[in-house]
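The values are calculated or read from the model by the stated rules, or taken from the named source; none is laboratory data. This structure is a prediction, so every number in the text was calculated from the model and none was measured. Every residue, glycine among them, receives a Cβ derived from its backbone with ideal geometry; neighbour counts consider all protein chains shown.
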Amino acid sequence: MSSGWGCQHLTKFENEKEWCRLLKHKCNPGCNGCVLYGRFLFSDPNTASNKAYERRKEKKRDDNPLR
């Protein structure tokens, strides 16, 4: 049995096999608006998702006043 992640928004539409119901265009993992945006690093270093991931990683919560 194989395991993996499947997007709940992925479907078929007309001639497209990979159609995003959420964004209403051809599936492009990691694009703006995608559920993966900024959460994971992709193999293409120039994706906007990778830049958002790095910005998210840089944020530090050391300035928590409740500590």
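Within region 23-52, the set of residues being in contact with a helix residue (DSSP H, G or I) (Cβ under 9 Å, 6 or more places away or on another chain), closer than 14 Å to residue 7 by Cβ and surrounded by 14 or more Cβ atoms within 10 Å (Cβ to Cβ) comprises 29, 30, 31, 34, 36, 37. Looking only at residues of region 1-45 that are closer than 26 Å to residue 55 by Cα and among the aromatic types (Phe, Trp, Tyr), we find that the one that is nearest to the chain's Cα centre (by Cα) is 37.
Yes or no, residue by residue, for (1) modelled with pLDDT under 90; (2) out of contact with any Pro (no Cβ under 8 Å at 6 or more places or on another chain); (3) of a type in the set (A, V, I, L, M, F, W, C); (4) not in a helix (DSSP H, G or I):
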{"position": "33", "(1), (2), (3), (4)": "yes, yes, no, yes"}
{"position": "36", "(1), (2), (3), (4)": "yes, no, yes, yes"}
{"position": "41", "(1), (2), (3), (4)": "yes, yes, yes, yes"}
{"position": "44", "(1), (2), (3), (4)": "yes, yes, no, yes"}
{"position": "55", "(1), (2), (3), (4)": "yes, yes, no, no"}
{"position": "62", "(1), (2), (3), (4)": "yes, yes, no, yes"}
{"position": "65", "(1), (2), (3), (4)": "yes, yes, no, yes"}
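The set of residues in region 7-21 that are in contact with a strand residue (DSSP E or B) (Cβ under 9 Å, 6 or more places away or on another chain) and part of a loop (DSSP other than H, G, I, E, B) comprises 7, 9, 21.
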